[in-house]
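Here is the structure we will look at.
The values are calculated or read from the model by the stated rules, or taken from the named source; none is laboratory data. Being a predicted model, the structure only gives us computed values, none of them experimental. Positions of Cβ are generated from backbone atoms using ideal geometry, with glycine treated the same way; all protein chains shown enter the neighbour counts. Calculation scope for accessible area: heavy atoms of the full protein, side chains included, ligands and nucleic acids excluded. Shrake-Rupley method; radii C 1.70, N 1.55, O 1.52, S 1.80 Å.
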Amino acid sequence: MPSAFGFRFDNTYRRLPEALFSDCLPQPVSTPAFVLFNDNLAQELGLDSEALSEHPEFFSGNELLAGSEPIAQAYAGHQFGSLTMLGDGRAVLLGEQLDGHGQRHDIQLKGAGRTPFSRGGDGRAALGPMLREYIVSEALHALNIATTRSLAVTRTGDRVRRDTLLPGAILTRVAASHIRVGTFQYAAGQQDPVLLEKLVDYTIARHYPALEGAENKALALFEAVMDRQIDLVVDWMRVGFIHGVLNTDNVTLSGESIDFGPCAFMDRFDPNTVFSSIDHQGRYAYGNQPSITQWNLGRFAETLLRMMDDNTDIAIEKATTSLKSFSLRYEEKWRAMMNKKLGLFGSETEDDTLIADLLTWMHAQNADYTNTFRDLIQDGLPDGEQYQSEAFQHWHQRWRARLARNSKPLASSLCLMRNHNPAVIPRNHLVEQALQAASEDNDMTPTHALLQALSAPYADRDSDDRYRQPAAPCEQVHQTFCGT
Ligand SMILES: Nc1ncnc2c1ncn2[C@@H]1O[C@H](COP(=O)(O)OP(=O)(O)OP(=O)(O)O)[C@@H](O)[C@H]1O
Ligand SMILES: [Mg+2]
């Protein structure tokens, strides 16, 4: 039976060995008030959105929902390459909500106060970064990309101290689960084979039920996670998304994007684009995301070696062979994705050069990644000075000739392109403007307008024109500051 507001909690993670979590209540705040509440998502979760939207106290830790058994989860993580013990230092999992279809969703408060894993931190979050997470996660979802979702942003009425004093907020995050590569690193580090095996079984049951009964379940899980991570990074590359902190603790086993700290979407095409102010080496640059994902998967494979084979040498060989297949699998999926962006059906040997030549031209011209692909949908040569050059016109003719050889009519190509090339993305300068208005002037109007434009990113709406413009040179934001 659902409890009040339609919550139907079934908290399976809490039934795993205690080493994997700590019971931990969210800490109450001064004056909870919603700044954003996601009605559509609430309804998808089977919740009474109208009634709930009057009760921010349940999303701040001031009141506990019936059936919630809050925990902070333990995990480790390779941060910029070095392994650290982490855990939810400012997040509390309220419980697992079963929606009307029996689908399980973690409901978590991020910024809910100190936990046993807080180390020196205050357990809190500022309004700006929580709004950024809400905007970007909901934008990715509308772009059909696997991601955690955002149910609400709740102001706390308290200030958090960062470089200055900032308004505090809590994000209510919804996820298929919060199991991370870092969770496996933590479990493997406990030197308890039973614990690791329980985590493997749990993850398979929750995310990969088809693998139950697999002959080598650790290897099967590894390969399934690798496939989902490849799909995810290919999708990020498709829309020009740069995650910004691809540490192993920010890689989920479900294959959802998680943790939107210093993330941003690329304007002009440049594989070296980095936004994070702390990523000095460009480790997590746009073009490095596939190889860093493979590196993170390598860390995941290490946690499973003992379960892959009793003989360490054989286990390493199995894991290495599998991990090496990443590049081929990635390239295949990346090529298929690029073919869709260009409306190509089937494959021809020249397709690779056609794609590479366009990207090279875009890089040399500082062309806007999103708008260039969208402009190609126009009939004939697209409008715009940058398209008048001989080099571009030559490429355009080759491409149109290739389209003419497609097995399907031009209309099908254009439709394919329209569904894979967004018109609207959360451009960083607009996100920054919205966050600034909310944090400094208490004005949520720009955030609401931006969310509206981002809700149908593949549509052609004149009203969205303002959201399609790249930043003017004076407005360009090259860095986003780390999520706090
Ligand atoms: N203000 C804070 N107080 C306590 N711990 C924190 C704070 N900020 C971050 N942490 C912890 O530092 C680690 C790394 O932070 P990171 O920015 O990746 O995570 P996050 O944004 O807090 O959370 P998540 O990955 O769940 O989205 C995590 O263990 C996180 O819980
Ligand atoms: Mg994180």
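With +1 on each Lys and Arg Cβ and -1 on each Asp and Glu Cβ, how big is the dipole of region 4-178 about its Cα centre, in debye rounded to the nearest 20? Walk me through the intermediate numbers first.
Numbers: 16 positive and 20 negative charges, 146 e Å.
It works out to roughly 700 debye.
Cross-link partners among lysines for Lys318, C-alpha distance below 29 Å, same-chain residues fewer than 8 apart left out?
Qualifying lysines at Cα under 29 Å: Lys198, Lys217, Lys333.
Rolling a 1.4 angstrom probe over the protein heavy atoms, how many square angstrom per residue are accessible across region 182-339? Don't skip to the end; give the middle numbers.
On the way: 6040 Å² over 158 residues.
On a per-residue basis, 38 Å².
May I ask you to work out the translational diffusion coefficient for region 182-339 at 20 °C, viscosity 1.002 mPa s, via Stokes-Einstein with Rh from the Kirkwood sum over Cα pairs, reported in whole µm²/s?
Roughly 130 µm²/s, to the nearest whole number.
Taking all protein chains as present, what is the carbon and sulfur share of the accessible area of region 4-178, in % to the nearest whole number, probe 1.4 Å? List each step's numbers first, then the result.
Numbers: 3010 of 6460 Å².
After summing per-atom areas, the C and S share lands at 47 percent.
If packing is taken as the average number of other Cβ atoms within 10 Å across a peptide's residues, how do 220-227, 201-208, 332-339 rank, most packed first? List each step's numbers first, then the result.
Values: 220-227: 20.6, 201-208: 18.0, 332-339: 16.5.
Descending packing order for the listed peptides: 220-227, 201-208, 332-339.
Can you quote the Å³ per residue value for the convex hull of the Cα atoms in region 4-178, rounded to an integer? Before the final figure, lay out each step's value.
Details: hull volume 21.2 nm³, N = 175.
Expressed per residue, the convex hull around the Cα atoms of region 4-178 is 121 Å³.
Find how much the distance from Arg461 to Gln386 grows on full extension, using 0.36 nm per residue of separation minus their present alpha carbon separation; answer in nm with one decimal.
Details: separation 75, 0.36 × 75 = 27.00 nm, distance 2.35 nm.
The Arg461-Gln386 span can extend by a further 24.7 nm.
Restricting the calculation to Cα positions, tell me the Rg (one decimal) and the Dmax (whole number) of the chain in Å.
Final numbers for Rg and Dmax: 23.0, 67 Å.
When the chain is fully extended, how far beyond the present Cα-Cα distance does Gln436 get from Ala214, taking 0.36 nm per residue of separation? Don't jump to the answer; show the numbers that get you there.
Working: separation 222, 0.36 × 222 = 79.92 nm, distance 5.08 nm.
The span from Gln436 to Ala214 would gain 74.8 nm if fully extended.
Quote the relative contact order of region 229-299 in percent (integer), defining contacts as alpha-carbon pairs under 8 Å separated by 6+ residues. Numbers along the way, then the final one.
Numbers: 95 pairs, mean separation 26.1, N = 71.
So the answer I get is 37 percent.
Counting only Cα atoms, I'd like the Rg/Rh figure for region 109-261, Kirkwood definition for Rh. Write out the running numbers ahead of the final one.
On the way: Rg = 17.2 Å, Rh = 17.1 Å.
On the Cα set of region 109-261, Rg over Rh gives 1.01.
Could you work out [θ]222 nm for the chain from helices alone, using -39500 (n - 2.57) per DSSP H run of at least four and dividing by all its residues? Round to the nearest 500 deg cm²/dmol.
Working: 15 runs with 199 residues, N = 484.
One gets -13000 deg cm²/dmol as the mean residue ellipticity at 222 nm.
Could you check how much of the accessible area of region 182-339 is carbon and sulfur, as a whole percent, using a 1.4 Å probe? Walk me through the numbers before you get to the answer.
On the way: 3030 of 6040 Å².
Its accessible area is 50 percent carbon and sulfur atoms.
Report relative contact order for region 182-339 in percent, whole number only (criteria: Cα-Cα under 8 Å, sequence separation at least 6).
On the way: 176 pairs, mean separation 39.4, N = 158.
Once divided by the residue count of region 182-339, the mean separation gives 25 percent.
In whole Hz and in residue order, list the ³J(HN,Hα) couplings for region 435-440 that follow from phi through the Karplus curve 6.51 cos²θ - 1.76 cosθ + 1.60, θ = phi - 60°; x for Gly and Pro.
5, 5, 4, 5, 6, 8
Mind checking which of Val239, Ala66, Pro271 is farthest towards the positive end of the chain's charge dipole, using Cβ charges of +1 (Lys, Arg) and -1 (Asp, Glu) about the Cα centre?
Pro271
Averaging sequence separations of C-alpha pairs under 8 Å and six or more residues apart, then dividing by the length of the chain, give the relative contact order as a whole percent. Let's see the in-between values first.
Working: 890 pairs, mean separation 69.0, N = 484.
Value for the chain: 14 percent.
I want to make sure I understand the PRE zone here: with the label point 7 angstrom from the Cα of Thr84 toward its beta carbon, which residues in region 182-213 have backbone N atoms less than 17 Å away?
Counting backbone N atoms under 17 Å from the label point, the list is 182-183, 185-186.
Dipole size in debye (nearest 20) for the chain around its Cα centre, Lys and Arg Cβ +1, Asp and Glu Cβ -1? Walk me through the numbers on the way to the answer.
Working: 44 positive and 62 negative charges, 73 e Å.
Dipole magnitude for the chain comes out near 360 debye.
Grab the beta carbon distance between Ala449 and Asn40, set R0 = 25 Å, and tell me the FRET efficiency rounded to 0.05.
E(calc), rounded to 0.05, equals 0.90.
What share of all Cα pairs of region 290-425, in percent, falls into each consecutive 10 Å distance bin?
Distribution as computed: 11, 33, 24, 15, 13, 5, 0 percent.
Between Thr349 and Gln378, what is 0.36 nm times their sequence separation minus the Cα-Cα distance? Round to one decimal in nm. If you can, show how the numbers build up before the last one.
On the way: separation 29, 0.36 × 29 = 10.44 nm, distance 2.56 nm.
Answer, rounded to one decimal: 7.9 nm.
Pop a pseudo-label 7 angstrom from the Cα along the beta-carbon direction at both Arg114 and Ala404 and give the gap in nm to one decimal.
Roughly 7.2 nm, to one decimal.
Expressed as an acute angle from 0 to 90° and rounded to the nearest 10, what is the orientation of the C-alpha long axis of helix 312-341 relative to the principal long axis of the chain?
Approximately 50 degrees, to the nearest 10.
Between Arg104 and Gln190, what is the spin-label point distance in nm, taking each point 7 Å from the Cα along the Cα→C-beta axis?
Result: 1.6 nm between the two label points.
Accessible surface of Phe9 in the full protein assembly, 1.4 angstrom probe, to the nearest 10 Å²?
40 Å²
Give the aspartates and glutamates reachable from Lys340 as a straight Cα distance under 18 Å; neighbours fewer than 8 places away on the same chain don't count.
Asp231, Asp235, Glu331, Glu332, Glu348, Glu350, Asp351, Asp352, Asp357, Asp375, Asp379
With no solvent and one equal point scatterer per Cα, compute the Debye intensity ratio I(q)/I(0) for region 250-339 at 0.17 Å⁻¹ and report its log10, rounded to two decimals.
Debye intensities relative to I(0), on a log10 scale: -0.90.
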